[in-house]
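The values are calculated or read from the model by the stated rules, or taken from the named source; none is laboratory data. Being a predicted model, the structure only gives us computed values, none of them experimental. Positions of Cβ are backbone-derived with ideal geometry, glycine not excepted, and every protein chain shown enters the neighbour counts.
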C-alpha cells in the first residue's frame, strides 16, 4: 500500500510540473519554428557531444601499412623421418609380408609410398630387382585378406611373400 502511494505521488508531481512548464512557453507561429528545426548544415562526422575530433587518426587494424610489417623469425624444426627409413628383412624372420612394388631400379626417397606407408622393407633380389614390402603376418591367410581388402585397388600387382628363417620363398620376375 505504501509503495503504490509513493508511485502515485511521484507521477502526480511529474504531471504537475510538465503542465506548468508547458503553459510558460509562449505561443509562436509555425513559420517561425520551421526554420529553427531544419539544420543549415549537418556534420555527421562529429560526435553528438559537440567535442571536436582530435587530429590523431586511428589506424585500421585490418589495413597493413608499409612500416607495420611484422617479421616472423625462422625456426628450425626437427622432423621424425624414421618412418621413411627402409628396413631390412631380419635374419631368422619367419612370416608373411606383402610386396606392393617390384622395380628394376631403387625408388627415390620422395616416392609416394614412403609418405603413404610406414615400416617399409626393401629387399634387393638381384642386381636389377628391388622389392618393397609392408606388414608382418603370421599366417598367409591374414596377409592375403589384408591385401585384398586394403591394397588391391591401389597396388593391383601386389602379392603375399612368405619367409622362412629370413629366406624368401618365392621370387616373381621384376616389372618396369
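Values for this structure:
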{"quantity": "Single match in 142, 162, 126 (criterion: loosely packed, with under 12 Cβ neighbours inside 10 Å and in the same structural domain as residue 94 (by TED's automatic domain parsing))", "calculated": "126"}
{"quantity": "Scope the range 147-163; condition over 16 Å from residue 132 (Cβ atoms) and in contact with a strand residue (DSSP E or B) (Cβ under 9 Å, 6 or more places away or on another chain); matching residues", "calculated": "162"}
